[in-house]
Every structure is written in structure tokens, then in C-alpha cells.
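Heads up, the thing below is written out as C-alpha cells.
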Amino acid sequence: MIFSRGHSLLEVVFALALFSFMSLGLLGLFLYARAASQAGVSSVQATSLGTGELNSLRTRPYNTLVGYLTTPLPPYNVTNQGTVYQIQLRVSRLGSTPTVPDYNLLDLQLKMSWLQKQEFSQEAGAGQATRSLLMHTTVAPTVNY
């Protein structure tokens, strides 16, 4: 009977090749997870900034907001942790005519856009993608009793 004391060179090479192949697959998953995590962080930051901007707008006098119907605010930029977010505000009335009860209600629509880095992209010329977030709130005139 012949007893083997260890592994042959062919077995070791085969095991290393298999391990390397599996490691490359896992590396791809880690890189994808990292890119997805960074995209999620940017979205959360945009949501937080947008909520703050909408809350700031809601504290403005109603007549100022009505003025934005005819003279809209120009787009402006806010930078947070190296990412530049472009903010656009659109104000519209919920009702179309003054006789409709919703006429005095204002819809504030905030659109935030930013460039998201696309790491490890397969597409030629890729490297950044424009992401956007759309938020709404409704404002009513204050009523004094």
C-alpha cells in the first residue's frame, strides 16, 4: 500500500487558481457595495439638505412665497462634504382659479441635482452621473383669529 505525505504540485496550483477565481468574484461584490453605499450617502445628504431648505422656505412670509409665482428664485448651489447640490424652487398654486378653495394653497417644489461619482463603471466616458431628488410641501396663508 502506498501512503501519500502531502499534496502534489498540481493539486496546490489547482487550489490556488480556484481560490484566486473566487477572490476576484468577492472583490467585485465589495467594490459594487462600496459604490452603492456612497450613492446612498449622497441621497441621504440631499434629503437632509432638501428638508432643511423646505423648512426654511416655509418660515418665510406667505406674501414672499406668492411673489415667487411671478419672480421665481434663481437656482443656487449648496456644498456639503465636497458634493455640490444645485437647488431649484418652483412655486405654484394648487387651485387654478380664485374661486376654488385650494387657490390660496401654494405648492413648493424643490428639485436638488448633484453629480454622483461612478467608480468602476464599464461604460466609456462614464465617471459621473447626474442624480436628482424632488420634494414637495404645501403652504397655506396664516389665519388670525
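The values are calculated or read from the model by the stated rules, or taken from the named source; none is laboratory data. This is a predicted model, so every value here is computed, not measured. With ideal geometry, Cβ positions are generated from the backbone for all residues, glycine too; neighbour counts draw on all protein chains shown.
Mind checking which residues of segment 65-100 are part of a strand (DSSP E or B), surrounded by fewer than 16 Cβ atoms within 10 Å (Cβ to Cβ) and β-branched (Val, Ile, Thr)? Spell out how you get there, then give the answer.
Going through segment 65-100, the residues part of a strand (DSSP E or B) turn out to be 76-80, 83-93.
Checking which are surrounded by fewer than 16 Cβ atoms within 10 Å (Cβ to Cβ) leaves us with 76-77, 79-80, 84, 86, 90, 92.
Within segment 65-100, Thr79, Val84 qualify.
Among residues that are over 25 Å from Leu31 (Cβ atoms), in contact with a Leu (Cβ under 8 Å, 6 or more places away or on another chain), at pLDDT below 90 and surrounded by 11 or more Cβ atoms within 10 Å (Cβ to Cβ), Tyr103 is included.
Per the conditions (1) at pLDDT below 90; (2) surrounded by 11 or more Cβ atoms within 10 Å (Cβ to Cβ); (3) more than 24 Å from the chain's Cα centre (by Cα), the sole criterion not satisfied by Tyr62 is (1).
Here Gly40, Gly25 are screened, and the one residue that is surrounded by fewer than 11 Cβ atoms within 10 Å (Cβ to Cβ) and under 22 Å from Leu133 (Cβ atoms) is Gly40.
Could you tell me whether Leu115 is touching a Leu at 6+ places or on another chain (Cβ under 8 Å), surrounded by 12 or more Cβ atoms within 10 Å (Cβ to Cβ) and not acidic (Asp, Glu)? No, not satisfied. Within segment 72-88, residues that are closer than 17 Å to Ala39 by Cα have Cβ atoms under 7 Å from residues that are surrounded by fewer than 16 Cβ atoms within 10 Å (Cβ to Cβ) in these pairs: Val84/Asn77; Tyr85/Asn77; Gln86/Pro75; Gln86/Asn77, counting only partners at least 6 apart in sequence or on another chain.
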